[in-house]
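Step one of this worksheet: look at the structure below.
The values are calculated or read from the model by the stated rules, or taken from the named source; none is laboratory data. These numbers were taken from a predicted model, which means no experiment stands behind them. Reconstructed Cβ throughout: ideal geometry from the backbone, glycine too, with neighbour counts over all protein chains shown.
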Amino acid sequence: MIRLFSCTFVITYCNYIHYKKLYTFYWKSFIIKIVYNFLVKASDTMKAISVAVIGAGNRGDLYGEFARLHPEKVKIVAVAEPNNERREQFIMKHNIQIENIFHTYEELFEKDTLCDAVIVTTQDHDHFRPVMLALEKNYHVLVEKPMSPSPVECIEMVKKAKQTNKLLLLAYVLRYTPFFQEIKRLISDGSIGNVRHISIDMNVAYWHQAHSFVRGNWRSSTESSPMILAKSCHDFDIVHFLLDSPCIAISSFGSLVHFKKENAPIGSAERCLSGCEVEQSCPYSAKKIYLQDDIGWPVSTISSDLSLTGRKKVLETGPYGRCVYHCDNDVVDHQVVTMEFETQATATITMSGFTEKLQRQVRVLGTHGELAGEMSSNKITTKRFGKSEKTFHVKPSLFGMHAGGDFGLMENFWHTLSENSLKSTDSEDTIVSHLYAHAAEVSRLEGRTIDAREFVTKFPGGNRIRKAILK
């Protein structure tokens, strides 16, 4: 009897386990099917966007690379580029049809609408006209920073985007980095209390200063932009993004001190490869920067022929082979900005070309703790007063530059257009940083503190920008 009962119990229990496993299996399968169908439907509604690129240089090529890696999201269908070599290389990469290949953006806009959006990556002074023409032709626009060296042009572009109901996205890649998104989250969560001060050190790196701001395209404030706008408009935007409060006062100091003819060492020459006696000991030597094994950025920007012979030829005749003490540069080599906000918080931005590494370092001081982060290491620490330190590591995409910001920007661009969610963007908010950078430059040149509220409203349409800041 006991044996019969035991056998019956075992059989019943085994059946229970069997059906329980079957129930669990079918329930999990049901959930997986629902999630799968949801994702498939979502992907069906988020189609790839078609894009034309105006300016197939370094940044245009990088955004194009995103399209090559993610054809399900972005498709490059047209290009406008006056440089024959760059244009041909870009065409080969993206298999662009002959009828969609243009030497100038004017030729592109003479055609009927070719695609969904335009990416503008021309030089700073050449953003305004292609952006305005694109918006008039009902294209959405992604424009490289800075939007324009002219505050008036920035406001006009934003106004046109509002009128045409088109996306005007400024390439503020730092907003899209996991690094600054995490800092924003930690501040919003109150992990260090109310923010009282933010400091950002923009360590430009000696070789980057020499490449871009002494020898390169951004060496002249009249031909491109003041360096505080060209390099650190990112930093003004991040301060604005993190504090979410209007700035009321700005002061700035800085100058061009080192990269001048009077500082040229004895024995230097006009060019690094033309008999310079101090080339071997000079850290700014074009030979050291451009003629090594690494042909990534910034070496990749000096020529389309990156062979050793090709690079030597460019250095012998082009701007990148010049001695840093014998160039026609006029932008600063160091500058500091101090800002005060309506919340009585303060911020400082230090931009210097005299650093070993190219990196951003951030400190945020709050009423109950402090936060520190180094963008290049993607490491953030918080220390609440009287508590143990906490460390946070973020993992950015390996695509592009700027600690995953290039990837995040293009993802946002695609996502916004594919879902038609234009309300999630605010061009007026993003150009506030440009106005703050211009105010800082006026302060530096005139030696006075600038009332930021008054400065913003003095431009046509500035009152509208001011109201947008206060929202």
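Looking at segment 158-262, the strands (runs of 3 or more DSSP E) lying wholly inside it that each contain 3 or more residues that are closer than 26 Å to P283 by Cβ and either in contact (Cβ under 8 Å) with a residue 12 or more places away in the chain or among the small types (G, A, S) (or both) sit at 195-203, 247-255. Contact map, segment 117-129: residues that are hydroxyl-bearing (S, T, Y) paired with residues that are in a loop (DSSP other than H, G, I, E, B), Cβ distance under 6 Å, separation 6+ or inter-chain. Pairs shown: T121/G55; T121/E144; T122/G55.
Of all residues in segment 149-204, those satisfying the criterion of being small (G, A, S), out of contact with any His (no Cβ under 7 Å at 6 or more places or on another chain) and farther than 22 Å from F413 by Cβ are S150, S188, G190, S191, S199. As a summary of the residue check, S388 satisfies the conditions (1) more than 25 Å from P226 (Cβ to Cβ); (2) modelled with pLDDT under 95 except for the one numbered (2). The single residue among I266, I289 that is assigned to a helix (DSSP H, G or I) and closer than 28 Å to H334 by Cβ turns out to be I289. Residues in segment 299-331 that are surrounded by 18 or more Cβ atoms within 10 Å (Cβ to Cβ), at pLDDT 95 or above and within 25 Å of the chain's Cα centre (by Cα): V299, I302, Y320, N329, V331. The selection criterion, being crowded, with 18+ Cβ neighbours inside 10 Å, basic (K, R) and modelled with pLDDT of 95 or more, holds for R215.
Residue by residue, here is whether (1) surrounded by 23 or more Cβ atoms within 10 Å (Cβ to Cβ); (2) modelled with pLDDT of 95 or more holds:
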position	(1), (2)
H415	no, no
N420	no, no
K423	no, no
I431	yes, no
A437	yes, yes
A440	yes, yes
R444	no, yes
F455	no, no
K458	no, no
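Scanning segment 134-153 for residues that are assigned to a helix (DSSP H, G or I) and out of contact with any strand residue (DSSP E or B) (no Cβ under 9 Å at 6 or more places or on another chain), we see that the one that is farthest from T457 (Cα to Cα) is E136.
Could you give me the residue pairs with C-beta distances under 7 Å whose first residue belongs to segment 279-300 and is without any contact (Cβ under 8 Å) to a residue 12 or more places away in the chain, whose second residue is assigned to a helix (DSSP H, G or I) and surrounded by fewer than 18 Cβ atoms within 10 Å (Cβ to Cβ) wherever it lies, and which are 6+ apart or on separate chains? Between residues of segment 279-300 that are without any contact (Cβ under 8 Å) to a residue 12 or more places away in the chain and residues that are assigned to a helix (DSSP H, G or I) and surrounded by fewer than 18 Cβ atoms within 10 Å (Cβ to Cβ), the close pairs are E279/K287. Any residue at all in segment 110-121 that is within 30 Å of T391 (Cβ to Cβ) and either of a type in the set (V, I, T) or in contact with a Cys (Cβ under 9 Å, 6 or more places away or on another chain) (or both)? No, the conditions are met nowhere in segment 110-121. Only residues that are over 18 Å from Q89 (Cβ atoms) and surrounded by 12 or more Cβ atoms within 10 Å (Cβ to Cβ) were counted across segment 283-298, and they come to 8. Of the candidates V77, V131, the single residue that is within 26 Å of F455 (Cα to Cα) and of a type in the set (V, I, T) is V131.
Residues of segment 359-378 that are touching a His at 6+ places or on another chain (Cβ under 7 Å) and at pLDDT 95 or above: L365 alone.
Within segment 448-460, residues that are within 15 Å of F341 (Cβ to Cβ) and assigned to a helix (DSSP H, G or I) sit with their Cβ atoms under 6 Å from residues that are of a type outside the set (A, V, I, L, M) and modelled with pLDDT of 90 or more, at 6+ positions apart or across chains, in these pairs: A452/C247.
Pairs meeting the criteria (first residue in segment 306-329 and farther than 16 Å from S220 by Cβ and β-branched (V, I, T), second residue modelled with pLDDT of 95 or more and part of a helix (DSSP H, G or I), beta carbons under 9 Å, at least 6 apart or on different chains) are V314/Y290; V314/Y320; V314/G321.
Across segment 75-92, the qualifying residues are those that are outside any helix (DSSP H, G or I) and modelled with pLDDT of 95 or more, and the one among them that is surrounded by the fewest Cβ atoms within 10 Å (Cβ to Cβ) is P82.
Considered as a group, the residues in segment 391-406 that are in a helix (DSSP H, G or I) and within 18 Å of V143 (Cβ to Cβ) include one that is modelled with the highest pLDDT, and that residue is D406. In this structure, is D328 under 30 Å from P226 (Cα atoms), part of a loop (DSSP other than H, G, I, E, B) and among the charged types (D, E, K, R)? Here the answer is yes, as D328 does meet what is asked. Can E411 be described as farther than 30 Å from V456 by Cα, assigned to a helix (DSSP H, G or I), among the acidic types (D, E) and at pLDDT 75 or above? Taking the combined requirement at face value, the residue satisfies it.
When L167, L242 are checked against the criterion of being under 19 Å from T346 (Cβ atoms) and under 23 Å from the mean Cα position of the chain (by Cα), a single residue qualifies: L242.
Against the conditions (1) surrounded by fewer than 16 Cβ atoms within 10 Å (Cβ to Cβ); (2) within 24 Å of N420 (Cα to Cα); (3) of a type in the set (D, E); (4) in contact (Cβ under 8 Å) with a residue 40 or more places away in the chain, D112 satisfies every one except (4).
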